[in-house]
Amino acid sequence: MKESDKRAAFLGASLDPHLFTIDLHQAGDLHTALGEFERGFDRALFARVRACRVIYGVGTGILAREILNILKRNKNIVAWHEEESGGSVIILL
């Protein structure tokens with residue numbers, strides 16, 4: 001996917017009020033949050049969505065780092081972009 005196409009896809013996804021969302025920022029602990037991410041991501045893949053948002057919150061940044069490390073290793077992900085809020089990321093699948 002070309003960079004211009006990625007930028008357009010990120011913009012479109014960020015404005016979509018029905019964007020598939022995985023909300024982790026109130027999961028409690030890291031282990032629980034990572035399990036919820038895995039289940040939510042599997043649902044996104046099963047539903048064949050083109051993009052999704054993961055909300056991890058701002059906190060200490062530990063959960064954000066773990067999620068971004070997972071994204072780097074996942075072959076189903078075309079690209080991702082951290083939102084300006086600093087508490088979420090949009091993923092293109």
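The values are calculated or read from the model by the stated rules, or taken from the named source; none is laboratory data. Values in this document were obtained by computation on a predicted structure and should not be read as measured data. Neighbour counts run over all protein chains shown; Cβ positions are idealised from the backbone, glycine included. Accessible surface areas use protein heavy atoms only, side chains included; no ligands, DNA or RNA. Shrake-Rupley method; radii C 1.70, N 1.55, O 1.52, S 1.80 Å.
P(r) of the range 1-51 in 10 Å steps, Cα pairs, percent per bin?
Result, from short to long distances: 23, 38, 32, 6 percent.
How about the range 17-93: which GluC sites (Glu not before Pro) there are in a DSSP loop, with at most 12 other Cβ atoms within 10 Å of their Cβ? Don't skip to the answer; put the middle values down first.
On the way: sites: Glu36, Glu38, Glu66, Glu82, Glu83, Glu84; in loops: Glu83, Glu84.
In loop regions of the range 17-93 (DSSP not H, G, I, E or B), the sparsely surrounded GluC sites (Glu not before Pro) are Glu84.
Within 13 Å, Cβ to Cβ, of Val49, how many net charges do the neighbouring residues add up to if Lys/Arg are +1 and Asp/Glu are -1? Before the final figure, lay out the partial values.
Details: positive: Arg43, Arg48, Arg50, Arg53; negative: Asp16, Asp42.
After counting each charged neighbour, the total is +2.
Summing -39500 (n - 2.57) over the DSSP H runs of n ≥ 4 in the chain and dividing by its residue number, what mean residue ellipticity at 222 nm do you reach, to the nearest 500 deg cm²/dmol? Intermediate values should be presented prior to the final figure.
Working: 3 runs with 42 residues, N = 93.
Computed mean residue ellipticity for the chain: -14500 deg cm²/dmol.
Report, for the chain, the % of DSSP beta bridges that are antiparallel, rounded to 5.
Details: 9 of 13 bridges.
Antiparallel: roughly 70 percent of the beta bridges in the chain.
With a ≥ b ≥ c taken as the square roots of the eigenvalues of the C-alpha gyration tensor of the chain, please select rounded if a/c is under 1.5 and otherwise prolate if a/b is larger than b/c or oblate if it is not? Working shown, then result.
Numbers: a/c = 1.65, a/b = 1.44, b/c = 1.14.
Verdict is prolate for the chain.
Tell me the carbon and sulfur percent of the accessible area for the range 13-93, rounded to whole percent, probe radius 1.4 Å.
Details: 2620 of 5110 Å².
Carbon and sulfur atoms account for 51 percent of the accessible area of the range 13-93.
Counting other Cβ atoms within 10 Å of each Cβ, which trypsin sites (Lys or Arg not before Pro) in the range 1-82 have at most 12 and sit in a DSSP loop? Walk me through the numbers before you get to the answer.
On the way: sites: Lys2, Lys6, Arg7, Arg39, Arg43, Arg48, Arg50, Arg53, Arg65, Lys72, Arg73, Lys75; in loops: Lys2, Arg48, Arg50, Lys75.
Taking the range 1-82 and a limit of 12 other Cβ atoms within 10 Å, the loop trypsin sites (Lys or Arg not before Pro) found are Lys2, Arg48, Lys75.
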